[in-house]
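Here the structure comes first, spelled out in structure tokens, and everything after it is commentary.
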Ligand code: 261
């Protein structure tokens, strides 16, 4: 198979994709919307149409799967690569507290005081790295409190998602399909050991004293009286949440701010007119999809798509970040533009495995941005510092230095 791979695809490295996937993916969208990428050891779907067709065939031609590095990080059964009845059961565990009607009941009281608290720590200083001091803390504290992890500090939750991210994205494989960097799983293993040590006693307590925290519900909901869900079912999914659901609202908030920083006129309008924040977020995650290329599908049978033969069991990464830059739907896709026609995008995926936290995440980001822009209406990018985006699996600004007059 490798012999038929064009050299520009055969030679791409994960490091190049992590630094800037755009040029490679622009060429894929143009020349090879479904391509085998040797450095990844799997296929990638690069266009919106290809992603929609594949993810839209969940449970028929395709099923959810994650990369070997993802599997190695989360273990089994994780909702991302469970299918059929097992997937339905896991979604029945995580979905109820994330239903929009349910989120509307609690999210204001949950997220707004958190946003206020972090703002109070720096709003009088005139400068901040918004990623480390605001976007990440607001994201992890909101979900942490929802899950019931009140006693785990925000810095610890940030450390956990960073370590799980290192492990999950340690995707490079050698010519034999073996992990190229086995030590890259160490940080994730360390985090998981610590997570179990901290969460085991909490799960013990919720077993006898249920409360309204999400993890208490994960233990009890849908179980026969007197029984709780096995924690070996809970942990892989808690690891999924402690990575993606902790990290990505922070990425979404930071990318939205970074996008608005490229359009000061649009930033001014959003600050003057807070109802525009929802549109700003939607364009933010279209512009830089937080889950850029981290979930995949596998075909159950041999098949041919647009003349490309896909042997049964092929793993296809859903490169939603690239789908969101599909020139068919989005003119000048690499430009952040609040005023573009709001065509639905794939930042939250599609099909059976579409994001369960779409509404929760968007509401946390909305509340975070409302509080930020109200407290600091004269927010500006600190032009003396670069904004570096990083990541292929997950993508967002690594830092976001802002200044304002106090
Ligand atoms: C809660 C969603 O989390 C993830 C999604 C995709 C890949 C890894 C994740 O932890």
Q: Divide by every residue of the chain the summed helix terms, -39500 (n - 2.57) for each DSSP H run of at least 4, and state the resulting mean residue ellipticity at 222 nm, rounded to the nearest 500 deg cm²/dmol.
A: -14500 deg cm²/dmol
Q) What ranking, highest mean first, results for peptides 312-320, 295-303 when packing means the other Cβ atoms within 10 Å averaged over each residue? A) 312-320, 295-303
Q: Work out Dmax and Rg for the chain from the C-alpha atoms and quote the Rg first, both in angstrom.
A: 20.9, 63
Q) For region 1-158, what's the relative contact order in percent, using C-alpha pairs closer than 8 Å and at least 6 residues apart? A) 11
Q: Return the percentage of antiparallel bridges among DSSP beta bridges fully within the chain, rounded to the nearest 5 %.
A: 85
Q.
Taking R0 as 56 Å, what FRET efficiency do you get between residue 209 and residue 302 from their Cβ-Cβ distance, rounded to the nearest 0.05?
A. 0.60
Q | region 263-371: mean projected area of Cα convex hull, nm² | A | 8.1
(Q) Pairs of alpha-carbon atoms within less than 8 angstrom and 6+ residues apart define the contacts here; what relative contact order does the chain have, in percent? (A) 27
**Q.** Förster radius 25 Å - calculated FRET efficiency between residue 27 and residue 181, Cβ distance, rounded to 0.05
**A.** 0.40
Q) Given springs between every Cα pair under 10 Å in a Gaussian network model of the chain, which of 54, 343, 12 has the largest fluctuation? A) 343
**Q.** Inter-label distance for residue 121 and residue 76, nm, one decimal - labels placed 7 Å from Cα along Cα-to-Cβ
**A.** 4.0
Q: Averaged over every viewing direction, what's the projected area of the C-alpha convex hull for region 155-283? Give it in nm², one decimal, please.
A: 12.3
Q: Write down the radius of gyration of region 155-202 and its Dmax, each obtained from C-alpha positions, in Å.
A: 12.9, 44
Q | Whole-number percent relative contact order across region 182-241, with pairs defined as alpha carbons under 8 Å at least 6 apart | A | 22
(Q) Just to check, using Stokes-Einstein with a Kirkwood Rh over alpha carbon pairs, what's the diffusion coefficient of region 1-90 at 10 °C and 1.306 mPa s in µm²/s? (A) 107
Q: Report, please, the projected area of region 61-107 averaged over directions, based on the convex hull of its C-alpha atoms, in nm².
A: 4.5
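Values in this text are rule-based calculations from the coordinates and carry no lab data. None of these values were measured; they are calculated from a predicted model. Glycine gets a Cβ as well: all are built from the backbone with ideal geometry, and neighbour counts include every protein chain shown.
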